[in-house]
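Following: one structure in structure tokens, then a few remarks.
The values are calculated or read from the model by the stated rules, or taken from the named source; none is laboratory data. All figures in this text were calculated on a predicted structure; none of them were measured in a lab. Note that we place each Cβ from the backbone using ideal geometry, even for glycine, and neighbour counts take in every protein chain shown. Note: areas computed on protein heavy atoms with side chains; ligands, DNA, RNA excluded. Shrake-Rupley method; radii C 1.70, N 1.55, O 1.52, S 1.80 Å.
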Amino acid sequence: MEKENKKISNGVKKALITGITGQDGSYLAELLLAKSYRVFGLERRSSTKNRTNIEKIEKNINFISGDLTDQHSLTRAIASAEPDEVYNLAAQSFVKESWEQPEYTGDVTGLGALRVLEAIRQVNPKIKYYQASSSEMFGRVQETPQSEKTPFYPRSPYGVAKLYAHWITVNYRESYNIFTCSGILFNHESERRGLEFVTRKITNAAAKIKLGLENKLYLGNLDAKRDWGYAPEYAEAMWMMLQREEPEDFVIATGEAHSVKDFVEAAFAVVDLDWKKYVEIDDCFKRPAEVYSLVGDASKAKTKLGWRPKVNFSELVKIMVEADLKKLKK
């Protein structure tokens, strides 16, 4: 009986997620638990823990202390968890903040990926690795739409750091034969998106203005265009990449571009308000080097992964505004 139990235990897949308390990490953790994985979450030591996004599944997660800036802690975490798959979703992921803290952004977002890969190489090179790459690597776009073959031209310290992480992931695949995949994810949002991101800033402000809690929303460049999708669907794409026989990189996107102004209009329409009465431009929210338009070509993901976006732009905005209304009413 003891041998039988051990056999069953060994048949359970294990995954370690960095950034598990963030938007993407929380959706991925839910997905993996639903697929009967044993899920481990890397968590930095801090005086206050923010587990809001995972409070419903917190008891099912095995937390391991670690930090992307500390090689020893990452090696220890991977040796302890003995995962089949590692998903590196942790980063200093706020583009605007990357100009304020460029060195920190490079250390966490760029070199952090290297440290995770090096830990895998040292502990068990058979572990499969997923790297959260970003459409921000395309920056000053060289062609539209952007695919896996489009040249990169990052326009922020964040985009540059992500590009380093992307190429070091390719390098470890080719140098050490480690199963590594990068998902070049275009913007993906949800009700769990942080308030510092423009999409959630907009939906939260629309809800607050509707409820009489605020009367103005200050924004930067309304003309910037992005390809916005729904985060839970993008988390599924991450998992799909690591289930294939051969590792490859994939663009994950909807193929539709909408401006920040479009997002504002859609959000205020949900609460039946004229956005022009409440929105003002403040130059302090403009970037030193702007990325004007990003739109992805996910043809490869559709063909090889069978992945397709389901929630459209207007549905996404509605989900976010209604979630903010519900929270604020409480």
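So the values come out like this:
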item	result
Tally of residues being buried (at least 21 other Cβ atoms within 10 Å of the Cβ), closer than 16 Å to D67 by Cβ and at pLDDT 85 or above across region 77-101	9
Per-region count, region 37-63, residues of a type in the set (V, I, T), open to solvent by less than 80 Å² (accessible area, probe 1.4 Å) and over 17 Å from K13 (Cα atoms)	2
Strands (runs of 3 or more DSSP E) lying entirely in region 172-263 (those with 1 or more residues that are under 24 Å from N53 (Cβ atoms) and within 14 Å of the chain's Cα centre (by Cα))	180-185, 250-252
Residue that is of a type in the set (K, R) and within 29 Å of E248 (Cα to Cα), where the choices are K304, K276, K286	K304
Selection count where residues are under 24 Å from T18 (Cα atoms), among the polar types (S, T, N, Q) and open to solvent by less than 30 Å² (accessible area, probe 1.4 Å), scope region 116-152	4
Residue in region 272-284 that is at positive phi and in a loop (DSSP other than H, G, I, E, B) present	yes
Among (1) part of a helix (DSSP H, G or I); (2) among the polar types (S, T, N, Q); (3) in contact with a Pro (Cβ under 7 Å, 6 or more places away or on another chain), the one test that Q142 misses	(1)
Residue list for region 198-215, restricted to those being out of contact with any Asp or Glu (no Cβ under 6 Å at 6 or more places or on another chain) and open to solvent by 40 Å² or more (accessible area, probe 1.4 Å)	V198, K201, K210, L211, G212, L213, E214, N215
Whichever residue in region 11-24 is surrounded by 24 or more Cβ atoms within 10 Å (Cβ to Cβ) and not hydroxyl-bearing (S, T, Y) and, among such residues, is farthest from S80 (Cα to Cα)	Q23
Residue within region 200-220 that is within 26 Å of A90 (Cβ to Cβ) and in contact with a Gly (Cβ under 6 Å, 6 or more places away or on another chain) present	no
Y153 vs. criteria part of a loop (DSSP other than H, G, I, E, B) and of a type in the set (S, T, Y)	yes
The listed residue being of a type in the set (G, A, S) and buried (at least 19 other Cβ atoms within 10 Å of the Cβ), out of A289, A237, A269	A237
Test: residue in region 153-167 that is open to solvent by 10 Å² or more (accessible area, probe 1.4 Å), of a type in the set (A, V, I, L, M), under 21 Å from the mean Cα position of the chain (by Cα) and closer than 21 Å to G255 by Cα	no
Residue match in region 106-115 (condition: touching a strand residue (DSSP E or B) at 6+ places or on another chain (Cβ under 7 Å) and surrounded by 17 or more Cβ atoms within 10 Å (Cβ to Cβ))	yes
